[in-house]
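Here is the structure we will look at, set down as structure tokens.
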Amino acid sequence: MAVPTIQQPPDTYLLWTKFKFPDPKLGPVTAVAVPTPIYRYIQNGYALLSTIMVVNLWAIVMVFAIYMQLTTTKTASRVNDMAMSLWNTKDAPRQSAIATVLYVRKKWNKWWYYPFIAILAGAWVASLAAGIFLPSRIFLGNAAPVNPLSIYVPTTGSFSELTIAETFSKYALEGAGYIRAAAAALVASDEVRVKVMVSQPAVEGTWNNERSRINNETIQRIDYGYNITGSDLGLQHIPQLVLTVTGSCVTDYTWLNMSRSTSRQVNEVVYNQDVYNCPWLKQEIVANSVNSPGPSATFCVQDPDTATNKGNISWGVVISSVDHSSIATSQDPWYMTSSSLDEKNGNLTRVLPGRPALSCWQDDLWFYKGQSTDVTNLQSILPPDTLSDAAADILAHNLGGPVVESLGGHIGTAALQSYRGTVNRLFDANESSIYKDLSALILGAYIATINNLADTTLHRDYQSTNTPDIRNLARGKDDDSKTRPDVGQFIVSSDQVASLSLTLVILIPFLTLASWLLMQALLEFTPLKLTKAMEPTELLRAVRGQFGDPTLYIDVDGKEKWKL
């Protein structure tokens with residue numbers, strides 16, 4: 001299920017509509033979504049029905065047992081007050097157990113005493129357990145099928161042809177979900193964090209850094225990965241689908257353009273400006289302490305169309321931490337400072353020039369029952385009608401490249417943990433590191449990936465007519481007023497709704513009614529009706545027929561007696 005980042009608006013999902021709930025263990029389960037307050041009433045009602053069903057089944061067992069006693073014993077005394085009590089408490093296992101203990105307590109040394117008490121107690125416990133367990137099985141989760149009319153996926157033809165206004169609109173629309181994911185990563189629970197693997201930095205070698213004049217700077221590698229299922233994404237028909245994301249990043253000093261990087265001195269203070277060349281960008285990336293009050297990063301990515309393997313795409317990050325003032329020293333490659341604080345400069349130090357870029361690759365593979373592919377060919381490994389063309393297009397649009405790069409590019413300076421800790425242009429380099437920054441980014445990317453479908457419902461008020469070149473991928477190309485067929489093949493999460501198993505919703509009342517009808521049929525149309533002679537009304541009718549109307553009175557000793 002999606003990681004909650006915002007309350008899902010009520011008009012983005014459908015209630016009282018049959019759909020498939022993507023249960024990770026049971027697979028697609030036929031379900032219906034109801035408001036949470038209604039579910040509480042349903043839960044209480046089904047607890048009662050479940051208890052009644054078990055009690056009815058127990059009553060049938062008791063009727064058979066008493067019938068066997070009546071038809072097999074030759075001694076009338078065997079049909080004693082215990083049998084009478086069991087018959088008249090057959091609809092209440094607890095009362096049957098209590099009555100049996102009271103009537104046969106003097107026979108505790110008989111071989112059948114304890115097994116019989118255990119059976120009665122078991123029936124009592126079963127009736128209680130049914131009222132607890134069966135209603136809980138009805139509830140599948142807090143989710144509902146998406147309202148197709150609420151889906152908005154901004155897409156364009158050629159990005160280079162957009163105007164500045166259209167570019168800004170598209171960027172803002174796409175960025176909202178990434179901002180929510182980055183914020184959710186900051187407060188993520190341990191249950192979410194353990195789903196993401198980010199390895200500790202491993203030393204791959206050293207680099208003689210001419211720019212910082214420090215020899216043997218370490219080259220570090222950090223690996224990462226996570227798995228996301230179709231159930232996590234909310235895909236109704238394919239919960240067993242698995243997206244496996246693996247990636248690796250290495251500190252790369254070769255991106256630094258030494259000939260373009262400069263240093264200048266002003267009032268005994270040296271100011272540095274480093275220039276980098278990302279292999280997938282035409283323009284240079286400039287890093288200095290002027291453009292941002294704290295460390296910042298620029299993200300770049302390989303064009304997926306140029307990738308040999310559509311699922312394996314390279315991306316990178318250029319850090320701009322040079323000359324930023326720190327209250328502590330650091331040896332981290334991104335935040336390396338001089339080895340001591342400068343007393344003349346308020347016991348501060350500055351980040352050295354020549355910080356390495358981070359060169360990364362990421363492999364996104366989708367698996368389904370032993371087959372694998374990239375997102376652009378996802379339908380090729382899936383059964384027919386489990387993923388519509390519209391839903392496949394949305395996944396390819398949202399997850400066609402490394403989500404971590406999209407996240408970093410959209411949230412800007414907030415992408416770095418070090419920037420978030422900057423106060424008055426000062427930060428703590430000792431508390432900052434590539435590992436912390438990358439860990440937060442990968443966790444945010446994991447959340448953004450899980451939420452990518454649900455996020456398409458959260459900017460539905462946008463009017464595409466303001467920028468005609470930005471169209472809604474969920475709508476038809478020729479008719480923007482109509483949603484594409486089966487575009488809503490996913491669910492959205494909300495604590496305001498409850499998904500119920502439609503099978504159990506129907507089955508429990510049916511079985512309860514069937515058990516009651518079976519008991520009535522056995523007592524009316526089979527030899528078992530003989531046992532009805534032990535009902536109080538039948539017994540009183542028999543006594544009246546033989547002795548006249550009996551009288552109940554209290555004698556002088558205060559005891560009740562019958563006068564026949």
Handout entry: Within the accessible area of region 209-312 (1.4 Å probe), percent carbon and sulfur
Key = 45 percent
Problem - Hypothetical label at L48: residues of region 494-527 whose amide nitrogen lies under 19 Å (7 Å Cα-Cβ projection) - result: 505-517
Exercise for the section: Take each of the peptides 419-426, 250-257, average the number of other beta-carbon atoms within 10 Å over its residues, and list them starting from the highest. Expected result: 250-257, 419-426
Practice task
Please find the FRET efficiency linking A172 to D495, where r is the Cβ-Cβ separation and R0 is fixed at 25 Å, and quote it to the nearest 0.05.
Solution key: 0.35
Exercise for the section: In nm, give the distance between the simple-model label positions of V423 and E535, each being 7 Å from the Cα along the Cα-to-Cβ direction. Expected result: 8.1 nm
Fill in the blank from the handout: So L517 and A414, fully extended at 0.36 nm per residue minus their Cα-Cα distance, gain in nm 30.4 nm
Handout entry: Lys, Arg +1 and Asp, Glu -1 on Cβ, resulting dipole of the chain about Cα centre, debye, nearest 20
Key = 3100 debye
Practice task
With a cut-off of at most 11 other beta carbons within 10 Å, and DSSP calling the residue loop, which trypsin sites (Lys or Arg not before Pro) in region 1-42 qualify? Please list them.
Solution key: K25
Practice task
Could you calculate the contour length gain from S189 to L128, that is, 0.36 nm times the residue separation minus the distance between their Cα atoms, to one decimal place in nm?
Solution key: 18.5 nm
Practice task
Could you work out the longest stretch of the chain that avoids the GluC sites (Glu not before Pro) located in DSSP loops with at most 14 other Cβ atoms within 10 Å?
Solution key: 285-564
Fill in the blank from the handout: Using a 1.4 Å probe on heavy atoms of the protein chains only, the accessible area for F168 in Å², nearest 10, reads 150 Å²
Practice task
Sort out for me the Cα centre separation of region 400-422 from region 277-352, rounded to whole Å.
Solution key: 12 Å
Exercise for the section: For Y114, Y13, give the ranking by accessible area with the largest first, probe 1.4 Å. Expected result: Y114, Y13
Handout entry: Fully extended contour minus Cα-Cα distance, from T30 to T526, at 0.36 nm per residue
Key = 174.7 nm
Exercise for the section: Using a cut-off of under 18 Å, list every residue of region 124-156 whose amide N is near the label point 7 Å from the Cα of L15 along the Cα-to-beta-carbon line. Expected result: 139-150
Practice task
State the Cα centre-to-centre distance between region 178-206 and region 485-564 in whole Å.
Solution key: 58 Å
Completion exercise
HN-Hα couplings for region 205-220 via Karplus (6.51, -1.76, 1.60; θ = phi - 60°), in whole Hz with x for Gly/Pro, come out as x, 10, 9, 7, 8, 5, 5, 8, 6, 10, 7, 6, 5, 6, 9, 10
Completion exercise
Extend 7 Å from the Cα of D363 along its Cα-to-C-beta direction; within region 219-249, residues with backbone N under 11 Å of that point are 245-248
Completion exercise
Ignoring ligands and nucleic acids, R541 exposes an accessible area, probe 1.4 Å, in Å² to the nearest 10, of 130 Å²
Handout entry: Per residue Cα convex hull volume in Å³ - calculated over the chain
Key = 283 Å³
Exercise for the section: Tell me the trypsin sites (Lys or Arg not before Pro) within region 219-288 that lie in a loop according to DSSP and have at most 13 other beta-carbon atoms within 10 Å. Expected result: R260, K282
Exercise for the section: Taking 7 Å along the Cα-to-C-beta vector as the label spot, tell me the M68-K563 distance in nanometres, rounded to one decimal. Expected result: 4.4 nm
Handout entry: Theoretical FRET efficiency, 1/(1+(r/R0)^6), r = Cβ-Cβ of S340 and S372, R0 51 Å, to 0.05
Key = 0.45
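The values are calculated or read from the model by the stated rules, or taken from the named source; none is laboratory data. What you see is a predicted model, and the numbers here were worked out from it, not measured in a lab. Because the Cβ atoms are built from the backbone with ideal geometry, glycine has one as well, and the counts that use them run over all protein chains shown. Ligands, DNA and RNA are stripped out before the accessible areas are found, and what is left, the full protein with its side chains, is counted by its heavy atoms. Shrake-Rupley method; radii C 1.70, N 1.55, O 1.52, S 1.80 Å.
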